[in-house]
Amino acid sequence: MPGKAVTLTTVKEFASTLSVWAHLATVGSDGEPDVVPVHPCWEDDALWVMVGIDSVKTRNVSVNNRVAMHWQVTENGDGVEVWGRATVLADLETKRRLWDGVFDYDLNAFAPGGPDNSPDTAFMRIDVDRAVILRMYGAAGIERWTRS
């Protein structure tokens, strides 16, 4: 079923009506998948996730940068899925830029040292290649976006 084509802006807007939580899937060097809950935030067309430098997801992305994310569905089964390529950035300039203004929660709750004094903290950038909006688990419609 091909589904209706939409813009990435539509996908981002729809995702913002869902839970703040999504599940991020990565694959490790052993070929095994790993799925963890994350609180992603959009900046322009990129998704960002705060991560630990030595977390499983960070280690997995260093081996295989392909990731998938699924937002928790609503009671009626609406959801969003995205697929893309991830890069982990721990440089001070990126940390300072993202620390205030991009995330919709207080990062200091997880890294009280702030951007300058949280050496174990990094950010994962996800460049989305394709996405789907699922209405009622797809039974009421599927809307697709693919990077040109």
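Where a number appears in this text, it was derived from the coordinates with a stated rule and is not lab data. Just so you know, these numbers come straight off a predicted model, no measurement behind them. When we count neighbours, we look across all protein chains shown, and the Cβ atoms used for this are built from the backbone with ideal geometry, even at glycine.
The magnitude of the dipole of the chain, with charges of +1 and -1 set on the Cβ of Lys/Arg and Asp/Glu and taken from the Cα centre, is near 460 debye. Rounded to the nearest 20, the size of the Cβ-charge dipole of segment 61-148 about its Cα centre is 420 debye, with Lys and Arg at +1 and Asp and Glu at -1. For a straight C-alpha distance cut-off of 17 angstrom, the lysines reachable from residue 4 (same-chain residues fewer than eight places away being disregarded) are 12. Under a model in which nothing but the beta-carbon of Lys, Arg (+1) and Asp, Glu (-1) is charged, segment 25-95 shows a dipole of about 220 debye around its Cα centre. Ordering 108, 51, 18 by the projection of their Cα atoms onto the charge dipole of the chain, which places +1 on the Cβ of Lys and Arg and -1 on the Cβ of Asp and Glu, puts 18 at the extreme positive end. With each label modelled as a point 7 angstrom along the Cα→C-beta vector, the residue 89-residue 110 pair spans 1.7 nm. Each of 75, 93, 143 was scored by other Cβ atoms within 10 Å of its Cβ. Listed from fewest to most, they are 75, 93, 143. Here 142, 126 are placed in order of increasing Cβ neighbour count within 10 Å, fewest first, which gives 142, 126. Among the listed options (1) 58, 38, 23; (2) 48, 36, 31; (3) 39, 35, 28, the one matching Cα extents along the principal axes in Å as calculated from these coordinates is (2).
Cβ-to-Cβ counts within 10 Å put 136, 124 in ascending order as 136, 124, the fewest first.
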